[in-house]
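See below for the structure under consideration.
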Amino acid sequence: MFTLSPSILASNMLNLGDEIKKIEASGSKYVHIDIMDGSFVPNISFGMPVLSAVRSCTDLVLDVHAMIVNPDKYIDEFIDLGADIITFHIEALERDRIISSIEKIHQRGKKVGLSIKPNTDVSALYPYLELIDMVLIMTVEPGFGGQKFMHSMMDKVKAVKAKISDLSKDVDIQVDGGINIETLKIAKNSGANIFVLGTAFFKNEKILNAEQLLSE
């Protein structure tokens, strides 16, 4: 399955309801919600009230990306407020807490994603590929929107795609950072299937057609 996951970090927050409608109109299946704490990454973004507000106005999949320390402390609250997928960073927890977090999210009937920053070796994900539903390869340093796409991260996408194939597992590969119409094609050709668009989606003069974009 290929889909866009537009990131509301780049949306007009004064008209969030209308921005969600734009996502729905595009044919995208996901809404990407970046939660940052100013500690794990050098920025503060959304918290629980925004997650709750988005859930109240759409039935789309809420794709929560937790760029925070101690993400395991917030799993229940994320789910209670409507998260369908919870992605947290492998750099944020030690192995035992990563495993217990994966188990907890699955026990509550939701999907789990694991993400790595650009400086983390992709092999760090390999021990968890049989346990998770999605990997998120950051194609910029996490924390701020509008950064330039890091082409070198495509080697990681290709490597994790090959490893997933070797394991005969069905694990989505998401990319986030500097994704636009051109770099989406590069990421798709490298093996990614879920694409986080921010500025390229919300600052576009017309509503993107997800099906058309993903078929090119």
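Would it be correct to say that residue 208 is in contact with a Phe, Trp or Tyr (Cβ under 8 Å, 6 or more places away or on another chain) and assigned to a loop (DSSP other than H, G, I, E, B)? For residue 208, the condition - in contact with a Phe, Trp or Tyr (Cβ under 8 Å, 6 or more places away or on another chain) and assigned to a loop (DSSP other than H, G, I, E, B) - is met.
Yes/no per residue for (1) under 18 Å from the mean Cα position of the chain (by Cα); (2) within 19 Å of residue 195 (Cα to Cα):
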{"residue": "106", "(1), (2)": "yes, no"}
{"residue": "119", "(1), (2)": "yes, no"}
{"residue": "137", "(1), (2)": "yes, yes"}
{"residue": "154", "(1), (2)": "yes, yes"}
{"residue": "165", "(1), (2)": "no, no"}
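Could you tell me whether residue 169 is surrounded by fewer than 16 Cβ atoms within 10 Å (Cβ to Cβ) and either assigned to a loop (DSSP other than H, G, I, E, B) or modelled with pLDDT of 95 or more (or both)?
yes
Give the stretch 27-37 a look and list any residue that's closer than 12 Å to residue 144 by Cβ and not acidic (Asp, Glu), or say none. Even if it seems obvious, please write down each step before you answer.
If we filter the stretch 27-37 for residues that are closer than 12 Å to residue 144 by Cβ, which is where we start, we get 34, 36.
Answer for the stretch 27-37, where residues must be closer than 12 Å to residue 144 by Cβ and not acidic (Asp, Glu): just 36.
Only residues that are in contact with a His (Cβ under 8 Å, 6 or more places away or on another chain) and either assigned to a strand (DSSP E or B) or modelled with pLDDT under 95 (or both) were counted across the stretch 172-197, and they come to 2. Counting the residues of the stretch 120-143 that are in a helix (DSSP H, G or I), within 21 Å of residue 71 (Cα to Cα) and open to solvent by 10 Å² or more (accessible area, probe 1.4 Å) gives 5.
Note on the stretch 51-83: residues that are over 22 Å from residue 101 (Cβ atoms) and open to solvent by 10 Å² or more (accessible area, probe 1.4 Å) total 5.
Of all residues in the stretch 112-119, none are farther than 23 Å from residue 154 by Cβ and open to solvent by 10 Å² or more (accessible area, probe 1.4 Å).
Exactly one residue among 198, 146 is in contact with a Pro (Cβ under 8 Å, 6 or more places away or on another chain) and either closer than 29 Å to residue 106 by Cβ or open to solvent by 10 Å² or more (accessible area, probe 1.4 Å) (or both), and that residue is 198.
The values are calculated or read from the model by the stated rules, or taken from the named source; none is laboratory data. Predicted, not measured: the structure shown is a model, and the values here were computed from it. For neighbour counting, all protein chains shown are included, and Cβ atoms are generated from backbone atoms with ideal geometry for every residue, glycine included. Areas reflect the complete protein model, heavy atoms only, side chains present, ligands, DNA and RNA absent. Shrake-Rupley method; radii C 1.70, N 1.55, O 1.52, S 1.80 Å.
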